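Since the structure comes first, as structure tokens, the remarks are kept for the end.
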Amino acid sequence: MAGRGASGGRPWGPIRPENTQAGKLAVFLRVRVDESGKTLAALAAEVKVSKSQVSAYLAGKIPPQRFVAALIGATVPPALRERRLEEASRLLRDAVHPPRDAGRAAPPQPAPGVVDVAAAQAQQIEVYDRLTRSLEQQGELRQAADNSTKLIMVLLGVIYRLRERVSGLTEERDRLRKGAGDAEVKAADERLSRVMDQTARAQEELARAEEKKRQAESLSAQLQQRIDELTDELDRRRGPGAFPWEDLPAPAGTAGGSHAGARGMPQDPVGDEIDAVLARVSAVNDTDGDTISRIGSQLGVDPADAVPDNPSTSEDPADHRTLEQLRDAAEKASERDDAAAAAAAYGALARASIRLLGPTYPDTFARRYDHAYWTGETKDAAAARDLYAGILRDETTALGPDHEETLGTRHILAGWTGQAGDPAGARDLCADLIPDSERVRGADDPETLAARHEHAYWVGEAGDPATARDLYADLVSDRERVLGPVHLDTLSTRGNHAHCAGTAGNPETARDLYADLISDHARALGSDHPHTLTMYGNHAHWTGEAAEPAAARAIYADLVLAREHAQGPDHPDTLLARHEHARWTGEAGDVGTARDLCAALVPDRDRVLGTGDAGALNTRNNHARWTGEAGDPDTARDLYADLVPDREHAQGPDHPDALFARHEHARWTGVAGDPAAARDLYAGLVADRARTQGPDHPSTLLARHEHADWTGEAADPATSSPRSCPTAYGFWGLMIRILSSPARCSRSGRARRETRRPHAISAPI
């Protein structure tokens, strides 16, 4: 036997055995050494024999029993050690007591070719042995798969029976609660709790049986490939001669044990019987699991990797907590209002429930809803949308497309689709939902009306405020008829109708609608309620947009006092009211007072909101603006010089508000008497606006106009007419105030956010 040599080094030397049987033993031992991958030096240390002596024994010298046992112990895995030692001992006995021909002494040296024949026979024996072991393993795996199949059939019947018991015991408990004593109700609750626990156990054992069946079948398929290869190899080695060993043994199956583990409850014999069945099932699962693990270890394969991961559990492979433990963890996280922890805990609970009870079991749906809800609370709208989409798919299959739960999930999914940044998709989902809700629930059902409200909302968010306004107008009359004019849902629709009227270009209509909403909100919620105060703010905003800045200033002055009284001086909404009061004071022509109001507000907003907050930065912008317009361009220039880096740091250098701050800094630099510096500042701004907004954007064109203007003034300041204040801009000054002002963007955004607050009263999200 040439072989590869110990540890893959030099090839083995020739075998010169004392007799044929000693040659077979040497071949057998060399194979063991090759399989172990150990060097002769390492083996010599382990078997406590010199390296030269080890080489001699592996070259055909008959070794002592102690050496054989030590070498097998050092080279063979524990699971196979006993079998290999038995085989080696048999070969050693044959070598020590070789058979002799009658009447003739054994020659001192083997006949020519004996070593080669011995090596060939040893190789045949080795292949045959591996083939026998593989067949035995395959037989055990097939028995394990058959056992799992039987368990699956039994467990399906048990689960069906348990679900019937859950239904019956639930009805019994509810009936007892209406007239029976506490003891009877408690006993019914205990029986129901026991059945629910049995159901979970049965589902868990079913999952185990299915997993063991998949593992056994996969390992068996791998073994079949190995058996085919070994059979081909054996056919090549055997040749025409007779095979030297006995017939193959019959594959040995595994016997599943059982133990009694049912809890003693004489008043529930059916439950005792189910407990006993589950105990036996668990024992068989344990036995088959041990068999599969053992064979997988022998094959060098992890049985868990022998089949594809189960999608419902692959996210949480190491979590072996019971459903009750997972439920407790999720409920504690939700009680703490810890959205991230609750989302993770309910996710683990949902996956376990899917695995044990199935994806469409009622309790599973409840856990999946909790998971999706708390995921949304973490502000991960896209993940919440995807979770609700999965729920909807399974509800449609299990409950039907017209089931109330299915329709409700469609409504929620539309909302999260919009929240995830797809308002057009949300709009279309709501449009599809409305006719189905009208058909199933009725046109005047509150849920149908809520679906219409959501549809109008996402139409507006998708960029069509005029259509949204008309949809809200129709819905207002229907909600007033069905729910009344001051129902919270009606007020929500009326508020959104007013907002869309304003954004669609009808500020006067928005102003008048909000005026009516103030009194109705005060009647329904109270004059100090946040929603009532929001109506005041929106009324003031649209009053100003309707070209009545003095009236807007007066309304905001009252609103500031009302918010300070109801919410406190540092509430963000109070600070916003002060911001808007200052803005409309300036718009009404009192720029000095507007400057002073902003100067007082800046430190308060910085303190409460933080210096990088967009609202705080907007107030600083307005302070600089009104300072310049009040006749102090030098201070305005310096305030904008400080604002520019803060905007760029907080919002990024390409943010529209950062670009606007640079525009204003350049403008006030020129007005303060430095046209050359203004020219240079505008030169850089033109390039950045063209890059980020496009060469034909109005803001880019305005920057180019200003650059040209200040270039002319810088070239001939003696003949130029320096602008004492920016109001001399005429058309271009109006353009900058309309198109670029971050204060204006902030106001419209705030009004939009505030009008959405009532919307949230009836929204599913």
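One table, with the values for the structure above:
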read-out: Qualifying residue in the range 476-486 (condition: in contact (Cβ under 8 Å) with a residue 12 or more places away in the chain, touching a helix residue (DSSP H, G or I) at 6+ places or on another chain (Cβ under 7 Å), under 27 Å from Gly442 (Cα atoms) and not in a helix (DSSP H, G or I)); value: yes
read-out: The listed residue being in contact (Cβ under 8 Å) with a residue 24 or more places away in the chain, open to solvent by less than 40 Å² (accessible area, probe 1.4 Å), assigned to a helix (DSSP H, G or I) and over 20 Å from Val602 (Cα atoms), out of His705, His663; value: His663
read-out: Selected residue (only one of Arg637, Arg620 is under 21 Å from His705 (Cβ atoms) and among the charged types (D, E, K, R)); value: Arg637
read-out: Hits in the range 581-627 - residues which are outside any helix (DSSP H, G or I) and either under 21 Å from Ala540 (Cα atoms) or open to solvent by less than 10 Å² (accessible area, probe 1.4 Å) (or both); value: Ala588, Gly589, Asp590
read-out: Search result, residues across the range 595-623 that are closer than 14 Å to Asp657 by Cα and not hydroxyl-bearing (Ser, Thr, Tyr); value: Gly612, Asp613, Ala614, Gly615, Ala616, Leu617, Asn618, Arg620, Asn621, Asn622
read-out: The range 26-65, residues that are among the hydroxyl-bearing types (Ser, Thr, Tyr) and surrounded by fewer than 20 Cβ atoms within 10 Å (Cβ to Cβ); value: Ser36, Thr39, Ser50, Ser52, Ser55
read-out: Within the range 671-693, considering residues that are closer than 15 Å to His705 by Cβ and touching an Asp or Glu at 6+ places or on another chain (Cβ under 7 Å), the one least open to solvent (accessible area, probe 1.4 Å); value: Tyr682
read-out: Answer residue from the range 193-237, given it is small (Gly, Ala, Ser) and open to solvent by less than 10 Å² (accessible area, probe 1.4 Å) and is farthest from Ser353 (Cα to Cα) among those; value: Ala216
read-out: Matching entry among Glu508, Glu480 (being surrounded by fewer than 18 Cβ atoms within 10 Å (Cβ to Cβ) and touching a Phe, Trp or Tyr at 6+ places or on another chain (Cβ under 9 Å)); value: Glu508
read-out: Test for Leu407: is it in contact (Cβ under 8 Å) with a residue 40 or more places away in the chain and part of a helix (DSSP H, G or I); value: yes
read-out: Subset of the range 292-346 (residues that are surrounded by fewer than 16 Cβ atoms within 10 Å (Cβ to Cβ), modelled with pLDDT of 70 or more and in a helix (DSSP H, G or I)); value: Ser293, Glu324, Gln325, Asp328, Glu331, Lys332, Glu335, Ala340
read-out: The listed residue being open to solvent by 70 Å² or more (accessible area, probe 1.4 Å) and either more than 27 Å from Ile227 (Cα to Cα) or modelled with pLDDT under 80 (or both), out of Arg175, Arg165; value: Arg175
read-out: Residues of the range 645-656 that turn out to be open to solvent by 20 Å² or more (accessible area, probe 1.4 Å) and in a helix (DSSP H, G or I), as a count; value: 7
read-out: Test set (1) open to solvent by less than 40 Å² (accessible area, probe 1.4 Å); (2) in contact (Cβ under 8 Å) with a residue 12 or more places away in the chain; (3) farther than 25 Å from Pro507 by Cα - Gly568 fails condition number; value: (2)
read-out: Every pair of residues 6+ apart whose Cβ atoms lie under 8 Å, when the first sits in the range 128-147 and is within 17 Å of Ala221 (Cβ to Cβ) while the second is modelled with pLDDT of 75 or more and of a type in the set (Asp, Glu); value: Leu141/Glu217; Ala145/Glu217
read-out: Out of Ala522, Ala566, sole residue that is modelled with pLDDT under 95, touching a helix residue (DSSP H, G or I) at 6+ places or on another chain (Cβ under 8 Å) and farther than 25 Å from Gly502 by Cα; value: Ala566
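To keep it simple, each residue is scored yes or no on (1) at pLDDT 95 or above; (2) among the acidic types (Asp, Glu); (3) touching an Asp or Glu at 6+ places or on another chain (Cβ under 6 Å); (4) closer than 21 Å to Pro572 by Cα.
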site	(1), (2), (3), (4)
Leu609	no, no, no, yes
Asp613	no, yes, no, yes
Arg620	yes, no, no, yes
Arg625	yes, no, no, no
Asp632	yes, yes, no, no
Asp638	yes, yes, no, no
Glu648	no, yes, no, no
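The values are calculated or read from the model by the stated rules, or taken from the named source; none is laboratory data. What you see is a predicted model; the values in this text were computed from it and never measured. When we count neighbours, we look across all protein chains shown, and the Cβ atoms used for this are built from the backbone with ideal geometry, even at glycine. In case anyone asks, the SASA skips ligands and DNA or RNA and just uses the protein heavy atoms, side chains included. Shrake-Rupley method; radii C 1.70, N 1.55, O 1.52, S 1.80 Å.
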